[in-house]
Amino acid sequence: MEKKEKKQNGLSQSLGYAGSHKSLTILGCTLSAIAAVLGLAPYICVWLAARDALEVFPNLSAAPDLARYGWMAVWFSVANVLVYFAALMCTHLAAFRTARNIRNTLMRHVVQLPLGYFMGSQSGLIRKQVDENAGLTEDMLAHKLPDLTGAIVTPIVSVAVLFFYDWVMGLLCLLTMVLALVSMFVMMSGDNATFFHRYQLEVEKMSGEAVEYVRGIPVVKVFQQTVYSFKAFYNAIMSYSDLAGKYSMSCQKGQTFFLTCINGAFALLVPAALLMANRGDPVGVLVNFIFYALFAPACGGMINRIMYASDAVRQTDEAMFKLNRILEEKPLPEPTAPKKPQGASVEFQNVTFCYPGTENPALDHVSFSVPEGGTVALVGPSGGGKTTAASLIPRFWDVQKGSVLIGGVDVREIAKEELMQRVAFVFQDTKLFKKSLYENIRTSCPDAAREQVLAAAHAAQCDDILEKMPDGIDTVVGTKGVYLSGGEAQRIALARAILKDAPIIVLDEATAFADPENEYQIQKAFEKLTRGKTVLMIAHRLSTIQNADQILVLNEGQVMERGTQAELLWQEGKYAAMWADYSRAAQWKVGKEAAV
Ligand SMILES: Nc1ncnc2c1ncn2[C@@H]1O[C@H](COP(=O)(O)OP(=O)(O)OP(=O)(O)O)[C@@H](O)[C@H]1O
């Protein structure tokens, strides 16, 4: 599958995004080709000037055209620069638009993807992939493609020029060019043909591990581990260094031969010129020698440009391959004939769900229901499937078997906007934008009036937070040292949810980061938020869920126990054990505080 995708041509794919600017790219490349031909003209002028000068040497005044040839060389050089500049203007304009179209297409696609796709570090990774690869494509179309066109056209014209003055010296120059090209293609074929792809994978792996390493520095310090505890990072560096080392070694001979060829035309030209000069017409031979001595390094430069440009072509293949991988992610299907839920009940009917790329189900034949206005709490050991169950309600993912119903309608049959309006989700980690607290709260209801936002903040017990902020509710968080504690951020998130006023509330670990004072206030905010609503709540602090209508104990993706707190305690099962642990911990804490 991967191989098939690799065969697609990244350059033509990226041009597919150019739209009406494709013609501008073609114009830019044509101008670049013309510039490349103009760049050859000064060499001919130099040949003409050298021929005239040597014919009359030392009486240079007898060669009246010398100055004309000099000026012609200057004008051709100036024309070369100007036309090349115009070419780059065209390709830059087109490349900028093309990269913009690529980014727009990707972003339009990304917003259609399941919300679960953005959990964890995915969102940062997607932004990086889109940005970097669109940037690479832009660079290819703006710089490398016109250079490649010039570099391809120049040798073709050069071959004609090479044979025009002296076919023997021309043939010798051509021979070195051909040998250089052959060694270049040999170097880039075989195992090395896939080098760039492997190299990119290694770099990706290494930077991923580097991020993990930096994230883990506090753990390393706290537990006094050595950096070698980050084996994965170390292995990624070694594997990268191994690949780069092997590649360098495999190119050693080829690169030496390539450089010798593109710089070594002299080694052939000098003896050839001496032999020919001995046979007669030394002046003519000298003129031609000067021309070829100047022209041969220029040809070498062109071949070098071809080499770098073909590297860029491979980079573009790789960039488009990565962008296509994102485009291949399937959006959640939208219902063709959406249905309206009748009420705000939530029901799981025999739900089985596996995360993409995994085989063990995170939820295995799970059934339960939350009647409209009721509260169900999910508890259980870590990894039991609580967050997964909660995230299936707003369709972060679609179930593989069974169904999740809201108001008697399968969530897959409810229009996206309708579903989002019906469910408010308070996440485990609260995400606040670098905006004012006012804007942060208003994200859940962009049309809300200022009074409504202030009322929601008040209901979520945020008054003390707003009082200590320099600009009250208009303070921008995340800048100028304005940061909120975990518990404070959660109260802002609750204000958001209160403002949304959705009939179904999903709370995931909402008191996880709170200190006792914050927890008390969060509890009060909960009461305001959940009054009269259908609530599915995940909490590790069992005190918060004592009054739930039903408690489900989820373990390894299955419902292990269910009932009210009293029923579960009476069963003396898993929940009763958890409750006993929790009570012991609470008593220990109270005892410790009393002793202080
Ligand atoms: N994005 C994901 N991709 C693959 N597997 C996942 C993903 N998220 C969770 N899982 C797996 O699904 C299972 C259930 O995880 P889930 O987060 O729902 O458990 P949880 O009960 O909420 O745990 P915790 O109390 O620690 O938050 C676990 O085995 C977990 O490793």
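The values are calculated or read from the model by the stated rules, or taken from the named source; none is laboratory data. Note that this is a predicted model, so its numbers are computed, not measured. Methodologically, a virtual Cβ is constructed for each residue, glycine included, from the backbone with ideal geometry; neighbour enumeration extends over all protein chains shown. Note: accessible area is taken over every heavy atom of the protein model, side chains too, but ligands, DNA and RNA are not part of it. Shrake-Rupley method; radii C 1.70, N 1.55, O 1.52, S 1.80 Å.
In plain terms, the C-alpha convex hull of the stretch 149-217 casts an average shadow of 7.3 nm² when viewed from every direction.
For the chain, the solvent-accessible area of protein heavy atoms averages 52 Å² per residue (probe radius 1.4 Å; ligands and nucleic acids excluded). For the pair F266 and H143, label points projected 7 Å from Cα toward Cβ lie 3.0 nm apart. Compactness check for the chain: Cα Rg over 2.2 N^0.38 Å is 1.43. Counting DSSP beta bridges with both partners in the stretch 346-571, what percentage is antiparallel, nearest 5? Looking only at bridges with both residues in the stretch 346-571, the antiparallel portion is about 50 percent. In the stretch 346-571, the C-alpha radius of gyration followed by the widest Cα-Cα span (Dmax) gives 17.9, 54 angstrom.
Pairwise Cα distances in the stretch 365-468 exceed 21 Å for 50 percent of all pairs. Residues whose amide H lies under 5 Å from that of S485, counting only those 5 or more places away or on a different chain, are absent; hydrogens are built 1.01 Å from N in the peptide plane.
Taking GluC sites (Glu not before Pro) as exposed when DSSP calls them loop (any state but H, G, I, E, B) and at most 13 other Cβ atoms lie within 10 Å, what is the longest stretch of the chain free of them, the sites themselves excluded?
Details: sites that count: E328, E359, E572.
That gives 1-327 as the longest site-free run.
At most 15 other Cβ atoms within 10 Å and a DSSP loop assignment: could you name the chymotrypsin sites (Phe, Trp or Tyr not before Pro) in the stretch 412-476 that fit? Answer by residue number: F433.
Protein heavy-atom surface of the chain, 1.4 angstrom probe: 61% of the accessible area is carbon and sulfur, with nucleic acids and ligands not counted.
As a test of understanding, state the convex hull volume per residue of the stretch 183-318 from its alpha carbons, in Å³.
Values: hull volume 18.1 nm³, N = 136.
Convex hull of Cα atoms, per residue: 133 Å³.
Rg over Rh for the stretch 7-327 works out to 1.11, using Cα positions for both radii and the Kirkwood form for Rh.
Helices of the chain meeting both criteria, an alpha-carbon length of 24 angstrom or more along the long axis and an average Kyte-Doolittle score not below 0.0, with helices taken as full DSSP H segments, are 22-56, 66-110, 145-165, 167-188, 231-263, 282-327. A337 label point, 7 Å along Cα→Cβ, cut-off 14 Å on backbone N: hits in the stretch 403-440? Inside the label zone: 413-414.
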